[in-house]
């Protein structure tokens, strides 16, 4: 990282303001970090609203979690951030938040891995659902390990969402893309279901990644076309039955989860 520490402090504060103003977090929820160099990480403090942080509120820690600089206590999710930087040397920014629509899918147990939107296919491929882990402990991050090498955005079951990138702002923009996809998917489900793109269309979109310098190799899920030549993605909760889904119950479950997040529950 060649940027100054103060510039990164300001960038994290700006991202915190954006996630708060967009309703991606409530109260003191969420955490954001940036890699300073090979041995240090800058992270948001615990117990401070992300919408009202100041550059001097942020804490510098080493890769063991020891505080090097800062008066406040680092985020309770510090271990998750440190592990990400250890597993992904290419990552320099991490954003964890609770965007309502994405968290609704996480609570309903539904991954966002369908090949639906070209922008999502090109930039992220899909967004897997990591199993639940207790917040503030190593258990939160362990389920993410099987996805961390390949994906840049994740749903955390019954918790929220996580995005990573080459910078803090890049990680934030992936969170925006994730939440936008979840919101569109919610509307599509209410209107009858998600219609995925076909394999040929997806292959062409993945080929465009080179033009944008996107290195991710993961794809997304298509489905077999039926007699009407429509391809409707199944929106089945992880571990749930592949057929016989109650669509109305699914819509109600996602909507209820979104409302709970909007109300700060």
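The values are calculated or read from the model by the stated rules, or taken from the named source; none is laboratory data. Since this is a predicted model, take the numbers as computed values, not measurements. Counting neighbours? That spans all protein chains shown, and the Cβs are built from the backbone with ideal geometry, glycine included.
Per-structure values
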| read-out | value |
| --- | --- |
| Tally, over the stretch 52-68, of residues that are at negative phi, free of Cβ contacts under 8 Å to residues at least 40 places away in the same chain and surrounded by fewer than 17 Cβ atoms within 10 Å (Cβ to Cβ) | 7 |
| Near pairs, Cβ below 9 angstrom, 6+ apart or cross-chain, from the stretch 69-89 (on the phi > 0 side of the Ramachandran plot and at pLDDT 95 or above) to any residue that is surrounded by fewer than 22 Cβ atoms within 10 Å (Cβ to Cβ) and assigned to a helix (DSSP H, G or I) | 70/56; 70/57 |
| Of all residues making up the stretch 69-81, the number that are surrounded by fewer than 22 Cβ atoms within 10 Å (Cβ to Cβ) and outside any strand (DSSP E or B) | 7 |
| Search result, residues across the stretch 77-92 that are touching a strand residue (DSSP E or B) at 6+ places or on another chain (Cβ under 8 Å) and closer than 17 Å to residue 160 by Cβ | 77, 78, 80, 81, 84 |
| Scan of the stretch 82-99 for residues that are buried (at least 24 other Cβ atoms within 10 Å of the Cβ) and touching a helix residue (DSSP H, G or I) at 6+ places or on another chain (Cβ under 6 Å), ordered by number | 93, 94, 95, 97, 99 |
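Conditions tested, residue by residue: (1) at pLDDT 60 or above; (2) within 21 Å of residue 111 (Cα to Cα); (3) loosely packed, with under 12 Cβ neighbours inside 10 Å.
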| site | (1), (2), (3) |
| --- | --- |
| 199 | yes, yes, no |
| 204 | yes, no, no |
| 220 | yes, yes, no |
| 239 | no, yes, yes |
| 243 | no, yes, yes |
| 254 | yes, yes, no |
| 259 | yes, yes, no |
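Here's the yes/no breakdown for (1) closer than 24 Å to residue 33 by Cα; (2) outside any helix (DSSP H, G or I):
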{"residue": "102", "(1), (2)": "yes, no"}
{"residue": "110", "(1), (2)": "no, yes"}
{"residue": "132", "(1), (2)": "yes, yes"}
{"residue": "142", "(1), (2)": "yes, no"}
{"residue": "151", "(1), (2)": "yes, yes"}
{"residue": "176", "(1), (2)": "yes, no"}
{"residue": "180", "(1), (2)": "yes, no"}
{"residue": "184", "(1), (2)": "no, no"}
{"residue": "202", "(1), (2)": "no, no"}
